[in-house]
1. Other chains' Cβ within 10 Å of A:300-313 residues: what's the mean?
2. Can you give the helix-only mean residue ellipticity at 222 nm for chain B, where every DSSP H stretch with n ≥ 4 adds -39500 (n - 2.57) and the sum goes over all residues, rounded to the nearest 500 deg cm²/dmol?
3. Could you work out how far helix B:13-31 tilts from the main Cα principal axis of chain B, as a 0 to 90 degree angle to the nearest 10?
4. Separation of the range B:134-169 and the range A:276-347 by C-alpha centroid, Å?
5. Over the alpha carbons of the range A:42-185, what is the largest minus smallest coordinate on each principal axis, giving the biggest first in Å?
6. Can you give the local net charge around residue B:699? Use residues other than it whose beta-carbon is closer than 15 angstrom to its beta-carbon, Lys and Arg +1, Asp and Glu -1.
7. Pop a pseudo-label 7 angstrom from the Cα along the beta-carbon direction at both residue A:210 and residue B:985 and give the gap in nm to one decimal.
8. Express in nm, to one decimal, how much length is gained between residue B:811 and residue B:53 on full extension, taking 0.36 nm for each residue of separation and deducting their alpha carbon distance.
Amino acid sequence: MKNILKGSIIFTLILLLNGCTKDEWMNPAPVTSLSDLTVFDTKDRVVAQVNGMYSSLKSGQHLGGRFQVYNDVRCDNFIPNSSNLVTCFATWNHTVISSTNEVQNMWGAVYSTINVVNVFLEGLKDAWDSGKAKAFLTQAEYDQFVSEALTIRAICYFDLLQMYSKPYHMDNGASQGVPLRLTANKSAAGNDLAPSTVAEVYTQILKDLNDAEPLAATAHSSTSLNITRVHKNTIIAYKTRVYLHMQDWAQVVTESGKIVPASAPFTASSGVAHTLNPNYANIFATPNASAESIFSLPMTSSNNAGTQNHLAHYFGSGSGESFYLVSGAGSLVASMNAADARRVMMETVGGQIYLTKYRDQTTRTDNPPVIRWAEVLLNRAEAIVRSGSAVTQGAVDLLNAVRTRSYAAGTYALGDFASVAAFYDAILLERNMEFLGEGIRNMDLMRLGLSIPGKVGGSFGTVAAIPSTSESYYWPVPVSELTYNSLMTPDN
Amino acid sequence: MNILAPAIYTINLNFLFMKRILLLFSLLLITGSLVMAQTVMISGTVTGSEDGLPLPGVNITVKGTTVGAISGSDGKYSMSVPASAQTLIFSFIGFVTQEVPLSGKTTIDVVLRQDLYNVDEVVVVAYGTQQKRDIAGAVSTVRGDDIRSVPVQSFDQALQGKASGVSITMPNGVLNNPPVIRIRGFNSITSSSNPLIVVDGVPIFTGNIGGTAIQNSLADVNPSDIESMEILKDASATALYGSRAANGVIIITTKRGAGARTKVTYDGYAGWTEPFRLFDMMNAAQYLEHKNLAYTNAGLGAPLHQVDDANGVPIETNWPDYIYQKGFQQNHAITVSGSSPSTSYFMSVGFTDQDGMIQNNFYQRKNARMNVDHKVNKYISLGANVAYTNGYTESPNTGSSFATSGAARLAFVLPPIIGPKLNDGSWNVVSGGIGGMGTGLAAGLGYHNPGQIFETNKHTTESDRIMATISGSITPITGLVLKTVYGIDNLARETTTFWSPVGGDGFSYSGYAYNWTGKDNRWTWTNTINYNTTLVEKLNLGVLAGAEQQRTVGRSWNAAKTGVSDPFFTTYAGSWTTGYGVPGGGYGENFYASYFGRVNANWSRKYYIEGSYRRDGYSGLSKDNKFGNFGGVSLMWNLSNESFISGSGLGELLSDIRLKASYGRVGNMFGIGNYSSLFLYTSSLYGAVPTLYFSQAGNSDLQWETSDKYDAGLSFGILNDKLQADINYFYNDVNQLILNVPQSPSKGIPGNSIPANVGSMYNTGFEFSLRSFNITTTNLSWTTNFNITWLKNEVTELAPGVVEIRTATADLETTNITVVGKPVGNLLAVETRGVDPQTGRRIYVNAAGDEILYSHENASKWTYRSDGSVAPAINTAADGKPWASPLPKFYGGIDNNLTYKDFDFALNLTYAFGFYVYAGSKAGIRDQRWWNNSVEVYETAWKNPGDITNIPKPVINDNVSNGSSFPITENIEKGDYLKVRTISLGYSFNNIWPEGMNIEKIRLYAQVFNAFVLTKYSGSDPEVSTNTDSNLAPGVDRNTAPQARTYSFGVNVSF
């Protein structure tokens, strides 16, 4: 009996000990994620965060694929094979509403990148000001990282305006833009923020780009970094696009003048030596290392935009949800010369014509282009004429540089243009051919206030043209923003 | 794992204090009763009242001690008892327990009365057992025997309609789907509302453990091993489970050995399963006529036509033939059990092999269990349970919602004028999807060819699981039991995917293989001190104190390959050309540490009071809020033991009457991630270089979600308990709801939400259950169990600034909305008012109340009905309304069991009323793209001015008018149903077997499960949940597989 009692007492003690907690069990640290407290501790982690911003930018919902797809399929060149609402059918036939996934997903993806940028900028500044980051970063590196962050944010806001707002030129940016989020969001506070006007958002875009330009690296250490990371010429090139969309022709001329020489061969006069690739097809071919690519996003079989997002899924022939080219009378394809290298980058499958720019259905390694040198040249050509109200040989030379690279017999003479309007038409046509499947078409129509042409869609009936006065001219504010941001208002 | 090394522990001050108290307490208990005693010999015979024959195996114990004996085969017993002993208790399964005072006698003969009405049930409660009549909390019991023969994969599926307050919904008829279990309603919004499941004292893993091949974690417990299931509903019953008790607790107790003779049983059944209530879809001729009309109405001619198959016969395909089947099922279980005075054992093996109603969907389980209890001596007992289960599921993509490969959807979306194969015998596949075969349809339709994907693609889940406990207890003195239980639940599983390059999902990858392997390991260590005594003559006291720790670690890794080298290879291990993506993996862990205690007392079995308390720590909460305090109190008055009842004539009529009330506060942690409170960065890739980015906005104030639960009840038995009833009123106030608070998307917060303790809601209702022994003669018996639960749920507060939470099905269709003042998860839709008889257009109602018509083929699609002028487009954001609640107002079950001589018959019904279902599939079967339509569309679509119908003028490619673009109220229907869950008829061969064969009983039976459903709902089945157990999006039926009906024939044999 005595032993039993002793045993019981010891047993009781053991029992109660098991209520004690082991600290590492009660406060476990994740092993697959890093704590926010340690992410600015080393240079490698800071660099990884810089790459993290780019990686967010290349989300399949944004520049990894869908942004370019939306901007092409909204317009007049493509017909879908599928009426699947998941794969851009509603964008194609202009039936998106504020609850459509396309409208909600892109907004979310772009703002997610904006917040990643804002969180990074604040964290980096804190780490720098506290002296911690100075132990492993030079001033030049610090500046460069800031410039990359600002540029990414500017691209995000610019792309948002393209999809969700009335073009700047229609009322000098007086209409509703998007909320300007410029500080890091990490807590539940601050849901409500009124939208800024289109003009205010443009002002911020230009401020970011102008702030970034002097801080940016002139060039990176490798060709692949020059294409996939922002440097000085990326910022300047992007500014030509921004000013072009604001119809600020003089500024386009000024900015492009920083890097485009006065005469052929139009190789960038400073910074990374961008130049037209003599072979159009090679711009899009592996290893995507053309000097023409100013900025494009690297895709690998391990790291890509995902199914139903990547460009080959939409513009290649094989997915069943792809878009083929309108090819009947009056179409762009019909107007192209068979010898044009850009016409050669097409194939006929099952009686339909498809682009062959993006071919990798299986491992999805086609790099989505963001901006390339040909656009800078065409931006400059157009701006020279529009700002001077006269067609100049310099402008024609720039146009010819892009045109004859693909279609040698197509050289324009100054005398071919009876009016400035004829030149504008030629530029627009050239851009349509040149950037097919690169997400430029819709932006071109809207920056000029042109109607989005109607189309006859295979088995899907007729889609009417969308005039610039239509509420469908740009996308509505997503319902989720209207629901959770009480200061947000519908914009059409 | 060195639990005992004190240096590695941080001892919380509160714990230290608690510990001292408990230590003192237990020492007091131990030292307080150091009395040595003399003994007396008692003997006698036990007989049964009905036939007067001796009863072997009767348990005889001295009241208030563990001293006991068992009667021999001649019904005789003898035992030595302490001189202080006053009363003997005689108990035997199936007989009413009897207490006999000694009064100095040494020979005591007892006649036991058969317990016809199960008055003396022992009920398993948290960390112990209690007599049914001593329980003040709300507890329902379901016997294992009630579900043993039901042809389901897991016990939870069989709980439908069995207990009041418990709602079980099968999401669809896919094999082995985890049902949605709700005890007293939805108790959370973005956390889980699933109850805690405890098997033999150890909380086990729950939910779907498969990938595309769904496998219910609970199917790893063989239903035929289950002795009983207790469902704890109110706070007083659940409070000892503290932080995990908010959604109720289901305690599973597996069988133990009993009886001196070794008992062997065999249970087996075989049968088949098939879908029922499939949609009636158009045949080829109807399809052609209707779709060409729709083309014509759009001004596009009549382009569709039939083409011939290889035999020159026009193609006419009935797609369900390629998707559904009669699935054969068989199930076998063998148990061996018995006991000696010191040892009892139970062993079982089980095998089940079930084909589903969907082709290539099957489930196989092999399991074995051994339970042993052994008394080492009069002080020490040991016990062990070991259960091993191997589960294997194979399945096509049976997915609900919008997958273009979803089986149920393909059955009704594909046109009858195309077939699975081309005339040359090859698969009809174009660009991965099914082809139009030159019928005028598009060359490729995008949707997958079920013939091909069912034959070539494969998804599997295999689990290996060991659930085991080892326990030891010491009884140093009478009434005091010190017990330790250590249990593990180790679950290893592998899911695999193989997609053929021929077509379907694998087409764009040129073949795809994906393997995922995970291990979830959990241990739970529980120590308790239990003391029961009679303090003064009539004051019975029970005290429980305990401590528990539980640690769970989950690890997984996965990899994929694309580009299969040769069609021969159909597994990841085969030869492939490309590794796809970077192999991934996961890791998570969590930990609980708790102290708990319970005191219950009653005076003379008339006045009961009980209090329980638990202090619970959970690692997933924020640093300063890991611990929470939970507990409850209950009171009960047993009037039937009052002399004014029992002594009066009323006692004859009113054999039992008890009034109860309880209050408690419990917590909820289900759905709180392992690291939800932390701010995290995740690493990925940018091309080939590593990245790091902000991936989780945590909440450093995250704490428990708490529920205050109130319960009041009345239990009574009439006419010697021939009629037993329980009535309960409950009110459950849920506060500090853990809500994944939606953030404005423009903030860019990862996932657009942050978990926070905001918001509140309540559930209130009545439960009524009735057990009636209608007839209990020797030849004929008839019992009825009836239960009904009325339930009301209302959200009373959401997060500041959040007025509504919208929830989508599969991220694609916003179907539900949660707002303050209404039940959670209301169905959201734009109001429609049928079809305009003049124009044949659907009438929509916008937010302003204007009627608007939709004409798909016109440039101006939306026009005011009043004057034909152009109207703004309708959309859910502005014009959608919370239309109806998908939560039933009342639900329950009715079981009838009849035996006549050797025949037995059972009829089990379940029902639910007062709720609505979003019949999303109806939008699909009326959609005017190339999709096939129901015969109803063919027959009743608008054709001429003046037609009164609710199906508008067909216009090809119109995906708006019937609700495919956004939900419309046309597709929200009442879901009221009464379902005949099981009908069974059995015959037992009793006493016809020669003595030497030792056959106790053989019963043969036939059974229909899910026999039929009475409902006005137009979809397959109103018991449906496309979004499985989502709190925020219930009541959605979108491309969901129908329920399965099963016919089975079985045998129960016992030796």
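All of the numbers you see were taken from the coordinates with simple rules; none came from a lab. Predicted model only: the values in this text are computed from it and were never measured. Neighbour counts are summed over all protein chains in view; Cβ atoms, including those assigned to glycine, are modelled from backbone coordinates with ideal geometry.
1. Across A:300-313, the average partner-chain Cβ count within 10 Å equals 3.
2. After summing the helix terms and dividing by the residues of chain B, the value is -2000 deg cm²/dmol.
3. The two axes meet at around 30 degrees.
4. Taking the Cα centre of the range A:276-347 as reference, the centre of the range B:134-169 is 61 Å away.
5. Here the spans come out as 56, 35, 25 Å, largest first.
6. Here the charged neighbours net out to 0.
7. 9.1
8. Result: 266.0 nm gained on full extension.
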